[in-house]
Amino acid sequence: MNTKQPLVIGDLIAKIPVIQGGMGVGVSLGNLAGSVAACGGVGVISTAQIGWREEDFSGNPIEANVRSIQKEIQKARDIAQGGIIGTNIMVATHPYEEYVKASVKAGVDLIISGAGLPVDLPKFVAGARTKIAPIVSSLKSLTVLCRIWDRKYHKAPDMIVIEGPKAGGHLGFAKEELEDMDSLNYDQVVRSIVEKVKEYGCKYMKKIPVVVAGGIYDKSDMDHALLLGADGVQMGTRFVTTYECDASVAYKQVYIDAKKEDIGIVQSPVGMPGRAIYNAFIKRTKKEKIPIPKCYHCITTCNPKETPYCITDALIKAVEGDVENGLLFCGSDAYKASKIEHVADIMGELWGHL
């Protein structure tokens, strides 16, 4: 077990091996990311429709998003006191390459990328100091990705994020697997990925840290992940109910009020299952197709003619506080939230007093 060891990602060193997961739309922006980084962790900004508050977002969503990526990274930097700032960019995002390049141009330290395999990510960051970390959920996806990067780009990941079945948002598992998580024996999956990553680390003569995500809520969860051989953890849900989180107070209160039975698997317009809090909106989507007045062309896998609702509209409504008419993604342990707390208190609980 790694005891009191920092998270080392090449020349980046996080004093506390905790990455704050990227949460969109607008849940993890510059304020939350900067606050986590200032405490010694890795703060992560979600680029998913990050520019929704820009005046021209409706007409020029891509330009608004690119502009906001730069704004939020700078905001995080101002708060972070020299800490590590990353962006989370979904592969399924349109246009993925442009958001990656915008993050690099803004000087982000780390790009974490999932919701698909980021097979061409090395090409998009070529020549930059930005570190890259794919999100994988199985040994197979890790192996496929590493083989492609090795063959096409002579590159190994700078870090690996293993996202398990208890995570929030879009998930890399079949719905049937998520309904019977015990059958996955996911601890063994984590161990197998850790061992395979060591092989690529040896080949490229570098240490590739492995971070476990999904179902990490408190110190016991973190300690368990480290016992499995991980170098750190990624947490999203726990940071939602913080003063520093960029979401509305109403959004945070839904987490605090939620019971275990209120959390379940939903089918996202993206074409992947996701975990969310059941509310009036989710119940409505099961009965009817919600009209889509405008398509933002946000996700490459979304077909506006067939999708039951616009995920951009649903996520924006939620983060702004219209919680009964919006989509609230969450991890499996969101029901454990009982109060609003400070980021520093969470980091202190996980790693000792700061």
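Using 0.36 nm per residue, how much length does the chain from Ile148 to Asn303 gain when fully extended, once their Cα-Cα distance is taken away? Result for the pair: 52.9 nm of gain on full extension. As a proxy for reagent exposure, Ser68, Ser248, Ser103 were ordered by neighbouring Cβ count within 10 angstrom, fewest first; the result is Ser248, Ser68, Ser103. Label separation (Asp322 vs Leu227): 4.6 nm, computed from points 7 Å beyond Cα along the C-beta direction. For an R0 of 25 angstrom, estimate the FRET efficiency from the Cβ-Cβ distance between Lys140 and Glu179 and round to the nearest 0.05. Working from the Cβ atoms, E equals 0.75.
Taking K and R as +1 and D and E as -1, what net charge do the other residues with C-beta under 13 Å from the C-beta of Ser46 add up to?
Details: positive: none; negative: Glu72, Asp246.
Result for the neighbourhood of Ser46: -2.
Work through the residues other than Ser141 whose Cβ is under 14 Å from its Cβ and net out their charges, Lys, Arg +1 and Asp, Glu -1. If you can, show how the numbers build up before the last one.
On the way: positive: Lys140, Arg147, Lys196; negative: Glu163, Glu177.
My count for the surroundings of Ser141 gives +1.
Starting from the Cα of Asn60, step 7 Å along the direction of its Cβ; do the same at Tyr204; then give the gap between the two resulting points in nm. If labels sit at Asn60 and Tyr204, their model points lie 3.7 nm apart.
Quick one: go through the range 255-278 and flag any residue whose amide nitrogen is under 11 Å from the point 7 Å out along the Cα-to-Cβ line of Glu288. Inside the label zone: nothing.
Largest first and in whole Å, give the semi-axes of the range 249-334's equivalent ellipsoid, each being the square root of 5 times a Cα gyration tensor eigenvalue. Could the numbers behind the result be given before it?
Numbers: eigenvalues 95, 37, 26 Å².
Computed over the range 249-334, the values are 22, 14, 11 Å.
Each principal axis of the Cα cloud of the range 21-156 was evaluated for its coordinate range; sorted largest first, these ranges are 42, 38, 28 Å. For the range 240-288, GluC sites (Glu not before Pro) are listed when DSSP marks them as loop and at most 16 other Cβ atoms sit within 10 Å of their Cβ; the list is Glu288. The modelled label-to-label distance for the pair Asp11/Ala128, using points 7 Å beyond Cα in the direction of Cβ, is 1.6 nm. Taking 0.36 nm per residue of separation and subtracting the Cα-Cα distance, full extension of the segment from Gln253 to Lys101 would add 51.2 nm.
Seen from all sides and averaged, what is the projected area of the convex hull of the Cα atoms in the chain, in nm²? Averaged projected hull area, Cα only: 16.0 nm². Counted by neighbouring Cβ atoms within 10 Å, the residues Ser46, Ser28 run from fewest to most as Ser46, Ser28. Note on the chain: with charges restricted to the Cβ of Lys and Arg (+1) and Asp and Glu (-1), its dipole about the Cα centre is near 800 debye. Sort Asp246, Asp262 so the one with the fewest other Cβ atoms within 10 Å of its own Cβ comes first. Going from least to most buried by this count: Asp262, Asp246.
Rule-based calculations on the coordinates, nothing more; no lab input. Model, not experiment: these values are computed from the prediction. Positions of Cβ are generated from backbone atoms using ideal geometry, with glycine treated the same way; all protein chains shown enter the neighbour counts.
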